[in-house]
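None of the figures in this text is laboratory data; all of them are computed from the coordinates on show. Since we're looking at a predicted model, the values are computed, not measured. FYI the Cβ positions are ideal-geometry reconstructions off the backbone, even for glycines, and counts take in every protein chain you see.
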Amino acid sequence: MKKCFLLSGLMMLLMVAASCAPTYHFGVQDRALQVPDEFGQTEAVIAQAEQSPGAKYCPEKIAKAKDLGRQAAETYWLCNNDEASRLLAEARRLAKEAEGCGPAPIAEPEPLPAPAPPPGKVCITLNVEFDYDKAVVKPKYHNVIGKVADFMKKYPTTSAVLEGHTDSRGTEAYNQKLSERRAESVKNYLVDKFGIESSRLSTKGYGESKPVATNKTAAGRQKNRRIDAIIECASAE
C-alpha cells in the first residue's frame, strides 16, 4: 500500500514538472501557456521548406524566414501583436518562395561574330528583319539592300545566298515555307528594284531551326524573323 502511494506521488510530480517545462518558438522562450497558432503554423511552413528540393537553391530565404520568426516572437512578448503577425506572415512568404526555388536558368549563348574577311578581300553582309507572319520587305531596308546591290554591281563575279528564318511560333512546316518566302522576297527585291541578275542569287529557307536569340521574348523573336545573306567576298582592287 505504501509503495503504491509513493509511486502515485512520483507520477504526479513528474506530470507537474512536465507541465511546468518551458516551451520555445523560434528559440524564444514562451512567457505564457498559450501562444497564437500562427507561431506553430509558421514553424511548420518553414520546416516543410527545409525538406523541399528548393532548400538547396535558396538557403538564404529559409534563414531569413527563421530570423523573422525569432523577431516576431520577441515582438509578440513586447505586446506588439500586429507587428508580430506581420513578421510571421513575411516569414511564411519567404519559406514558400524557397520551396519553389530551382537551378538558375542557363544563359543563352551569344551569337558568334562574323568571321574576318580574308586578306586582300572586301566583303559585305545583309540582315533584314520581318514583321510577324510576313514576308514583305519593309521600306526602311531599301537603302540597306541597295548597298548590297551596289557591291554586287561593282564586283560582277560575286554571288549571294539568301537564307530565310522565322521565330518559333507556328508549326515547323508552316515556318519552313515562310522562311523560303522571306528569302525569295529579298531576292526579288534585288532583281526588281536594283537590276541584279537572278542567276547570281540563290535562296534557302531554314524555318525556325537557326535562331540567333531566345524565342521567349518579343525582342528575341523579332531578331529571329530575318534573312541573312552569304555574299561572296571580292578581291580588293
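Taking all Cα-Cα distances within the stretch 119-226, those exceeding 23 Å account for 29%.
Each principal axis of the chain carries a Cα extent, and these read 121, 35, 34 Å when sorted largest first. Per residue, the convex hull spanned by the Cα atoms of the stretch 22-99 amounts to 71 cubic angstrom.
What value, in deg cm²/dmol to 500, does the helix sum -39500 (n - 2.57) over DSSP H runs of n ≥ 4 give at 222 nm once divided by the residues of the chain? Present the calculation step by step, with values, prior to reporting the outcome.
On the way: 7 runs with 113 residues, N = 237.
Calculated from helices alone, the mean residue ellipticity at 222 nm is -16000 deg cm²/dmol.
Take the cross-link list K154/K210; K121/K216; K121/K187; K187/K223 and give me the ones stretching past 27 Å between alpha-carbons. Pairs exceeding 27 Å: K154/K210; K121/K216. The residue among Q176, A32, S202 whose Cα reaches farthest toward the positive pole of the charge dipole of the chain, with charges on the beta-carbon of Lys, Arg, Asp and Glu, is S202.
Positive contributions from Lys and Arg (+1) and negative ones from Asp and Glu (-1), summed over other residues with Cβ under 15 Å from the Cβ of G195, come out at +3. Put a dot 7 Å past the Cα of K153, heading toward its Cβ, do the same for C79, and the two dots end up 9.2 nm apart.
FRET efficiency for the N127 to K216 pair, using the beta carbon distance and R₀ = 22 Å, is estimated at 0.55. Here's the picture: charge each Lys and Arg Cβ at +1 and each Asp and Glu Cβ at -1 in the chain, and of Y155, P22, W77 the one pushed furthest to the positive end of that dipole is Y155. Taking each residue as 0.36 nm, the span from H142 to E60 lengthens on full extension beyond its C-alpha to C-alpha distance by 24.1 nm. Full extension of the segment from V35 to S209, taken as 0.36 nm per residue of separation minus the current Cα-Cα distance, would add 56.5 nm.
What number comes out for the charge environment of D82, summing +1 per Lys or Arg and -1 per Asp or Glu over other residues with Cβ under 14 Å away?
Details: positive: R86; negative: E38, E83, E90.
Overall, the nearby charge balance is -2.
Hey, what angle do you get for helix 2-20 against the long axis of the chain, alpha-carbon based, 0 to 90 degrees rounded to 10? Helix 2-20 and the main axis of the chain meet at about 40 degrees.
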